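> What follows is a single structure, and I will ask about it in a moment.
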Amino acid sequence: MLRGETGGAAASAPQVVTGDGRLPAVNSGKVLTITVDRDGNDNTEMVPVQAQAGYGLQHNEAVFLQELPKYRIPGFEHGTYRAFEVAGDSMEPTLNHRDIVVASYVDNWRLLEPGDVYVVVTSESVMLKRIRERITAHDMTVMLYSDNHHRKPYPMDCVDITEIWRVRGYISTYLPSAPDITAERLWEVFETLGLDKGEIRRHLEENAPPDAPR
């Protein structure tokens, strides 16, 4: 079964303050289409890597959504959620390639939680990025950040964004190795000596060779 939901104010709507002082929602103005089970509960569709190339253009098409795998994930039974398979290393070490993030639909971009991780959908791509500011207007530009320090942040015109999903949890088959005891012990020694970790890091960065990874 399918259901469509219209998100907030249309993209072309003027930013007029309402009578109670609240500003209208900021979003793409497009309809969110979801599938539901026999009891009318929202399904959690999973968008695997191989389907993400088509998701940007077909995310609101009934036939496309019906073909996506659907799951009932413990802890996410109530509400509108979608799962996305992680592609690439841009969010390492937080999230790894082939992890699966479970995300809730963001209807009003003004209500983004700065610093959280989001799935940002455009007509050309599905990106997993950290957003550090709220989107207060449809014609502004927002910076998208990676947790991988080798990937530089870059600007995205909000007019090109069709959907934003806030990551609420993830599923991973990656089990971290034991912590580096040597490095951990070294930081403990620094603290014992009263040395500031931030100052040590800045000193190392300032005196690192030009070709050292940052």
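> Check LEU195 against each of (1) farther than 27 Å from ASN43 by Cβ; (2) assigned by TED's automatic domain parsing to the domain that holds TYR81 and name the one condition it does not meet.
Answer for LEU195: the failing condition is (2).
> Now for a separate question. Which of the residues spanning segment 133-151 are of a type outside the set (Gly, Ala, Ser), more than 11 Å from the chain's Cα centre (by Cα) and surrounded by fewer than 20 Cβ atoms within 10 Å (Cβ to Cβ)?
GLU133, ARG134, THR136, ASP139, MET140, THR141, MET143, ASP147, ASN148, HIS149, HIS150, ARG151
> Count, please, the residues in segment 63-85 that happen to be charged (D, E, K, R), touching an Asp or Glu at 6+ places or on another chain (Cβ under 8 Å) and part of a helix (DSSP H, G or I).
Residues in segment 63-85 being charged (D, E, K, R), touching an Asp or Glu at 6+ places or on another chain (Cβ under 8 Å) and part of a helix (DSSP H, G or I): 0 in total.
> Give me the pairs: first residue in segment 40-62 and assigned by TED's automatic domain parsing to the domain that holds GLY75 and assigned to a helix (DSSP H, G or I), second residue surrounded by 15 or more Cβ atoms within 10 Å (Cβ to Cβ) and at pLDDT below 90, beta-carbon distance under 7 Å, and six or more apart or on different chains, which are they?
ALA62/THR33
> Within segment 121-132, is even one residue farther than 18 Å from VAL167 by Cβ and either outside the structural domain of ASN27 (by TED's automatic domain parsing) or buried (at least 19 other Cβ atoms within 10 Å of the Cβ) (or both)?
Checking segment 121-132: not a single residue is farther than 18 Å from VAL167 by Cβ and either outside the structural domain of ASN27 (by TED's automatic domain parsing) or buried (at least 19 other Cβ atoms within 10 Å of the Cβ) (or both).
> Does any residue of segment 181-188 turn out to be assigned to a loop (DSSP other than H, G, I, E, B), at pLDDT below 95 and surrounded by 11 or more Cβ atoms within 10 Å (Cβ to Cβ)?
Step one: of segment 181-188, the residues assigned to a loop (DSSP other than H, G, I, E, B) are none.
Checked segment 181-188: no residue is assigned to a loop (DSSP other than H, G, I, E, B), at pLDDT below 95 and surrounded by 11 or more Cβ atoms within 10 Å (Cβ to Cβ).
> Can you tell me which residue in segment 152-180 is surrounded by the most Cβ atoms within 10 Å (Cβ to Cβ), limited to those that are within 25 Å of PHE76 (Cα to Cα), in contact (Cβ under 8 Å) with a residue 12 or more places away in the chain and more than 13 Å from the chain's Cα centre (by Cα)?
Here the residue is THR162.
> Starting from residues that are polar (S, T, N, Q) and farther than 18 Å from GLY115 by Cβ, keep the ones in segment 142-180 and report whichever is modelled with the lowest pLDDT.
It comes out as SER177.
The values are calculated or read from the model by the stated rules, or taken from the named source; none is laboratory data. Everything quoted here is computed from the prediction, not taken from an experiment. Here Cβ is always computed from backbone atoms with ideal geometry, including for glycine, and neighbour counts include all displayed protein chains.
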